[in-house]
1. Filter segment 165-198 down to residues that are outside any strand (DSSP E or B), under 26 Å from residue 235 (Cβ atoms), among the charged types (D, E, K, R) and more than 16 Å from ligand 2 (Cβ to nearest atom), then give me how many there are.
2. Considering 273, 261, which residue is within 16 Å of residue 152 (Cα to Cα), open to solvent by less than 10 Å² (accessible area, probe 1.4 Å), away from ligand 2 (no atom under 13 Å from the Cβ) and not basic (Lys, Arg)?
3. Give 78, 65, 51, 33 a once-over and let me know the one that is of a type in the set (Ser, Thr, Tyr) and open to solvent by less than 10 Å² (accessible area, probe 1.4 Å).
4. Identify the single condition in (1) within 13 Å of ligand 1 (Cβ to nearest atom); (2) under 15 Å from residue 310 (Cα atoms); (3) in a helix (DSSP H, G or I) that residue 243 does not satisfy, given that it satisfies every other one.
5. Looking at segment 256-277, is at least one residue among the β-branched types (Val, Ile, Thr), within 13 Å of ligand 1 (Cβ to nearest atom), under 27 Å from residue 143 (Cα atoms) and assigned to a loop (DSSP other than H, G, I, E, B)?
6. Please go through segment 147-164 and give me each residue that is assigned to a loop (DSSP other than H, G, I, E, B) and not hydrophobic (A, V, I, L, M, F, W, C), ordered by number.
7. With respect to residue 159, determine if the residue is surrounded by fewer than 20 Cβ atoms within 10 Å (Cβ to Cβ), polar (S, T, N, Q) and on the phi < 0 side of the Ramachandran plot.
8. Of all the residues that make up segment 123-146, how many are assigned to a helix (DSSP H, G or I) and either open to solvent by 10 Å² or more (accessible area, probe 1.4 Å) or among the polar types (S, T, N, Q) (or both)?
Amino acid sequence: MRASQQSAQEYLAHGQTPFFRLPVAARPGSPPSGTRAVLLGVPYDGGTTASPGARFAPYQVRRVSAFVQGWHPVHRVSVFERSGAVDGGNVVFPPFQPEAVRDRVEAGAFAVHRAGAAPFLVGGDHSIALPALRAAARVHGPVAVVHVDAHLDTSGPETWGEPFHHGTPFRHAIEEGLIRPGQLHQVGLRGPWGAADDGLLSAEHGAQVTTADDLAAAGAGAVAARIRAAVGDTPVYLSFDVDAVDPAFAPGTGTPVPGGLSSREALQLVRGLAGVHLIGMDLVEVCPALDQADITSHLAAHLLFEGLALVAISTLTAGRSTM
Ligand code: MN
Ligand code: MN
């Protein structure tokens, strides 16, 4: 019997706040049978270059995600039953040793992959995408990456005198061969760059770039359809930086850039990826201290729900929805 979401009354009775009212798996590397997705909090923001605070996001997203129910009315799937999702707790690390943090995140994600499930990392800042991709590539080989973000995140060490932070994960991922050439799909980019050649590294890797303006013009569903066609059966890792969304819809983030996606577009984008082979996801850069009325945390919870729905759909043998 797969684990599934608790009723509202069960949840109220025990007073704990796991993601989506899901069961907690004490050992995320050996979850209950039927588990296809494991949520892992990564309360780390030592890679932040501007306003810190994303380390508290896993706790806040856990709390507000209790409001999200399990039936997906568009895909017509019971998301938590089908995905067998569990809360695997947080990745534990010494917070002042960034290299150790990366190692622990990689080990945590790798254990979930090896158990045949998809890790869903709830950050934390975006630096955690690098160890997540290292873990994914160890199991699946170079993957396709859908990177939703206002920023390229391919900076080099010249910016801060430090090669590893939340502005660099995709530079390392490209250089380490974790992403298949031509299979980096960057969505939501906007705003000024540091220099004219900021986009060169990902362009030379064959990245498909959809700016926030491109998405507004084409529609989120069409962008998702284009990505779906391009990735085919390639394993897909989805890295979602909440600052891709306009600060008007997601104010709780450390490096906001005006002119981004609406919450509706962001949700449509992930929903529109139905049918891809999703092998992992991160949702990063939510900063509760900068948020208003938990708007950003609620959005994060719903984006994770849409991601889990992609895993749930992939367990169906027929009746796949495309939008
Ligand atoms: Mn960003
Ligand atoms: Mn980012």
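1. 2
2. Residue meeting the stated conditions: 261.
3. Details: 78 fails: open to solvent by less than 10 Å² (accessible area, probe 1.4 Å); 51 fails: open to solvent by less than 10 Å² (accessible area, probe 1.4 Å); 33 fails: open to solvent by less than 10 Å² (accessible area, probe 1.4 Å).
The unique qualifying residue is 65.
4. (2)
5. No, segment 256-277 has no match at all.
6. 149, 151, 153, 154, 155, 156, 157, 158, 159, 161, 162, 163
7. On the way: surrounded by fewer than 20 Cβ atoms within 10 Å (Cβ to Cβ): yes; polar (S, T, N, Q): yes; on the phi < 0 side of the Ramachandran plot: yes.
Here the answer is yes, as residue 159 does meet what is asked.
8. 6
The values are calculated or read from the model by the stated rules, or taken from the named source; none is laboratory data. These figures come from a predicted structure and were not determined experimentally. When we count neighbours, we look across all protein chains shown, and the Cβ atoms used for this are built from the backbone with ideal geometry, even at glycine. To get the accessible areas, we keep the full protein, side chains included, count just its heavy atoms, and leave off ligands, DNA and RNA. Shrake-Rupley method; radii C 1.70, N 1.55, O 1.52, S 1.80 Å.
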